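The structure appears below as structure tokens.
The values are calculated or read from the model by the stated rules, or taken from the named source; none is laboratory data. Small disclaimer: the values here were computed from a predicted structure and weren't measured. Every residue, glycine among them, receives a Cβ derived from its backbone with ideal geometry; neighbour counts consider all protein chains shown. Protein only, heavy atoms only, side chains kept; ligands, DNA and RNA dropped before computing areas. Shrake-Rupley method; radii C 1.70, N 1.55, O 1.52, S 1.80 Å.
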Amino acid sequence: RLVHIVRFLPFSRNVLQGFRKVFPTLFAAFLLLCVIYFCFCLMGIALFAGKFWNCWACPVLNDGTYDWNTCYIVSNATQFCTQSDCVDSPAPPGLRRFWLTTATNFDNLFWAALSSLRIAYQAQWTPVMFDGLSVQAEQDRCL
């Protein structure tokens, strides 16, 4: 069908030739953007890998499972700087502590790419910013 359109509408031939000439330039620009994006992902891994982890407290249900929707970050917990500090410390009755990361982290290239994409599209970038700020506060506190 495209051949018939080109044959009967001569201006469409010019449009298709224009696309054919522009496509390599657009591909080169897209490739350059991918390389820049990859560099930002690597920079995020270098700066924030393994630093978005927190001590979470989750209520234990009657059947021994956990209600993950009601879990919360243990706040003002100066004693929880590492995973062993969090998990091994005694929890209040009915709660269990876990060492968990947020949904946005830079632990590997996959999560760094998703986190960078979330920031680049400005879709809920403020939680990423606040997690980064709390990371710095936690590091200062645990030194």
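Given a 1.4 Å probe and the protein chains as shown, VAL15 ends up with an accessible area of around 80 Å². The Rg/Rh ratio of segment 47-140, with both radii computed over alpha carbons and Rh defined as the Kirkwood radius, is 1.01.
In order along segment 56-72, the phi-based Karplus estimate (6.51 cos²θ - 1.76 cosθ + 1.60, θ = phi - 60°) of 3J(HN,Hα) comes to 10, 10, 10, x, 8, 7, 4, 8, x, 8, 10, 8, 5, 6, 9, 5, 9 Hz; Gly and Pro are listed as x.
Each peptide in 50-57, 25-32 gets a packing score, the mean of other Cβ atoms within 10 Å over its residues, and the list from highest to lowest is 50-57, 25-32.
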